[in-house]
1. More than 30 Å from V641 (Cβ to Cβ), part of a helix (DSSP H, G or I) and either at pLDDT 85 or above or touching a Lys or Arg at 6+ places or on another chain (Cβ under 8 Å) (or both): which single residue out of A339, A385, A324 fits that description?
2. Taking the criterion of being over 22 Å from the mean Cα position of the chain (by Cα) and of a type in the set (D, E, K, R), would at least one residue in segment 461-470 satisfy it?
3. Yes or no: G163 open to solvent by 50 Å² or more (accessible area, probe 1.4 Å) and either within 21 Å of F86 (Cβ to Cβ) or at pLDDT below 90 (or both)?
4. Is it the case that some residue within segment 242-258 is over 17 Å from the mean Cα position of the chain (by Cα), in contact (Cβ under 8 Å) with a residue 60 or more places away in the chain and assigned to a helix (DSSP H, G or I)?
5. For segment 509-524: of the residues being touching a Phe, Trp or Tyr at 6+ places or on another chain (Cβ under 8 Å) and of a type outside the set (V, I, T), which is nearest to I494 (Cα to Cα)?
6. Looking at segment 259-275 only, could you name the residues that are within 23 Å of the chain's Cα centre (by Cα), open to solvent by less than 60 Å² (accessible area, probe 1.4 Å) and of a type in the set (A, V, I, L, M, F, W, C)?
7. Could you go through segment 575-587 and let me know if any residue there is open to solvent by less than 40 Å² (accessible area, probe 1.4 Å) and within 12 Å of V519 (Cβ to Cβ).
8. Since V499 meets every condition but one in (1) of a type in the set (A, V, I, L, M); (2) more than 42 Å from the chain's Cα centre (by Cα); (3) open to solvent by 60 Å² or more (accessible area, probe 1.4 Å), which condition does it not meet?
Amino acid sequence: MNRRVRTWFERFGAFVYQNPKKMLLLVLLATMAMVSQLPKLTIDTTNEGFFHPDSEIIANYNQFRNQYGREDVLIISIAPEQVFDFDFLRRLQAFHAEIENSIPYLEEVTSLLNARNTRGEGNELIVEDLFETWPQSEAELQQLKDRAMSNPVYRNALLSADGSITAVIVELNAYADMGGSGDFLAGFDDLDLAGEQFSSDNNEKREFLTGPQTTEVINAANALVQKYNGEDFRLHISGFPIMSESLKVAMRGDMARFTLIGITTIVLVLWLMFRRLSGVVAPFITVLLTLFSTLGMLGATGTAFKMQTSVLPSFLIAVSVGSAVHILTMFYKQYDSGAEKQQALQNAMSHSGLPVLMACLTTAVGLMSFINASVAPIADLGLFAGIGVLISLLYTLIMIPAFMALFPVRRKALVSGKNDYLDRLLGFIADFSVRFAKPIVAVCTIFAVVAVFGTFRLYFYQDPITWFGEDVPIRVDTLAINDQLKGVVSLEVIVDTGVENGLYEPAILNQLAALDSQVKEVRAGDIFSEKTISIVDIVKEINQALHAGDPAYYQIPDNRELVAQELFLFESSGTDDLEDFVDSQFSQARYSIRIPWSDALAIDAYNHKIERLVKDQLQGSADITITGIASMFGDIVYTSVESMKEAYFLAIVIISGLMILFIGDWKIGLLSMIPNLSPILMTLGFMGFMGIPITVFTMFVGAIAIGLAVDDTLHFLHTFNRYYRDGDTAEVAIRKSFLTTGRALMVTTVVLSLAFFTYMFGSLLVIVQFGLFTGLTILMALFGDFVLTPALLSLIFKEKTEQVSESPLTEEA
């Protein structure tokens, strides 16, 4: 089988060499077809992007948005010298008006100026703006201040608890087709059974606000904040749309930077290794064609770039060059030794074709084991990175022979009896690994045991705010608003009574009212809530207003008909505020819990506590659904960890099976996994001892490293097997493997590690950590292949057997 495969690669190389223009044309046509799809590429940094479109989490969230609109508002806090001051209020008035006039896709802007003020005059209920009538004196302004400070709805929403900070809440349209103005009946359109929203006039599906449209909003909001920000009007802006846009901007800049640095690094390393233009241009073109083709597939399939898939371009650049390096190394060795160009190429394809194929297949299969992950970016990365590796294999096998056939290649003169410095270094490593095999294995075992203890100290931490530098505006502003208003995101609880007008029941409303104090007692780490808002607040507000503003009547009426009557009066007053909290049938209510931005693990724990609390409180009275940005943010933790556990297990099992298949013996196949898994264990142990948490990025280190480390092991074992089978002793076979494959392994490892080290120039801390630990793991994997693998081989094959065919390594798949 081995001979047949080698013969096939030799013949394929000859075929491409003899038909270079036709083969290049096929590659270019395929690439151009994919390049045409590049304009369709998009970036998605939303929480929704972590989930597959058909997941229950997304279905619940879309139903929520269909009914109540977007809850991921922009929060702009303002710190004046004094809130209730005429000069400040006039400036706030101008700021509020300019927001309404300048920000597109706006649903509503709420500030103290138009905050709901409910009051009664006789039997009439009046709902108006707090500043419906502009105060004409300090005494009138003081009355408005007293009214605002006593209103619990304003507290930690429009006013800080001490009254020193005020806020402007900017709500965006849920739908892209709503332009700059809201639809009074938007929350009461018909819903289909799947929860999709359809326009009431044309019965067509409506699209939620898109990424580019949200970018317009954020750019306009940031421009206004910069315009008005000053010493006596200190502004902070936050909210998930701002967070998402900040991550998108960082990703876009980092991807361009990483790609440029990665390409530059590869060109320099290839030049230092081969010192020939052909050794740089051929791999470089192969890398670019692979990159364009793979990215084009993302565009063609409508798959957006997300946080995890942002590493795809640099990963493909690094991986794609590996196969070319192995083939070119053998080609130049044959060519410089005097072989004709075509014969040198055929010999190189025969020698390196099979291990290159095996290496790419193990990498691709290992990556594709993530396809079934329930976290969408993980599945996307596994699929397209795997496809990209296979594309790079195909392009390499075509581009290298075709390029060598069409362009002149300079032949280097060999100096008889003189090895270069790299050969001397590789020979020394080979001798050292064999001579000190037992101490090497013992020391590596000790380090592995220590690393295991380090892994016990690992913990998961997912807080995008900490990814930014301490002086980056999104981090500064979010932490400031967290402190000022006690939260920037909402956990949404949907209470469905299942009965039309079920929310008229005082029992249901009192159960919701009882939750207010209970929710404030729930804590998970640093997560707590000092702000809840629901239909309960409106009912209490109405009841108090109809009783001459007496605080004693800030409560739920004990009569169903009275509740219904008060809500009818509220609707008749001209306000549409009820749309934000109930459906049109008064059977379903929204209960919002404002919480601070924090670690996703703590948010997830908080979400579960709230869910248990609400279900216990409303047991038998209503169905409960937890949704919203905070809920999805917490779900990401559990889903990511579970997905990675399954994918890691599957990847290890599949790669181990392929190693056994390719090497031809289950013992050696399993043994070969030791130098591949040990570097990952070392990295995780180091992170544990250093207190560095696992994030959605660093959890990928092992997945990527194992796929790349296996490549080197396969190349080394394949070459060792060839020499050992031909009659060499284990020591000689190891030395020859170093002097042939070892050079290519060293170069590919340098390229790969440097490619990932470029991530240390990223603007996000999590990207920096990912690049650092992946690069270090790849370097440790080379150490394993250069030191631990030869040591293990020399201990297993102490003496040459009389019949080589009896050796476990005598057959190859």
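1. Values: A339 fails: part of a helix (DSSP H, G or I); A385 fails: more than 30 Å from V641 (Cβ to Cβ).
Matching residue, one of A339, A385, A324: A324.
2. Our first condition is that a residue be over 22 Å from the mean Cα position of the chain (by Cα); within segment 461-470, this holds for none.
No, because not a single residue in segment 461-470 is over 22 Å from the mean Cα position of the chain (by Cα) and of a type in the set (D, E, K, R).
3. Details: open to solvent by 50 Å² or more (accessible area, probe 1.4 Å): no; either within 21 Å of F86 (Cβ to Cβ) or at pLDDT below 90 (or both): yes.
In short, no.
4. Yes, that holds for at least one residue.
5. Here is the first cut: in segment 509-524, the ones touching a Phe, Trp or Tyr at 6+ places or on another chain (Cβ under 8 Å) are 512, 515, 520, 522-524.
Subset that is of a type outside the set (V, I, T): 512, 515, 520, 523-524.
Numbers: L512: 11, L515: 13, K520: 18, R523: 21, A524: 21 Å.
Restricting to residues being touching a Phe, Trp or Tyr at 6+ places or on another chain (Cβ under 8 Å) and of a type outside the set (V, I, T), the top hit is L512.
6. So the first thing to find is which residues in segment 259-275 are within 23 Å of the chain's Cα centre (by Cα), and the list is 259-262.
Filter once more, so that each one left must be open to solvent by less than 60 Å² (accessible area, probe 1.4 Å): 259, 261-262.
Result: I261, single match.
7. No: segment 575-587 contains no residue that is open to solvent by less than 40 Å² (accessible area, probe 1.4 Å) and within 12 Å of V519 (Cβ to Cβ).
8. (2)
The values are calculated or read from the model by the stated rules, or taken from the named source; none is laboratory data. All of these numbers come straight from a predicted model, not from anything done at the bench. All Cβ positions, glycine included, derive from the backbone under ideal geometry; neighbour counts span all protein chains shown. Protein only, heavy atoms only, side chains kept; ligands, DNA and RNA dropped before computing areas. Shrake-Rupley method; radii C 1.70, N 1.55, O 1.52, S 1.80 Å.
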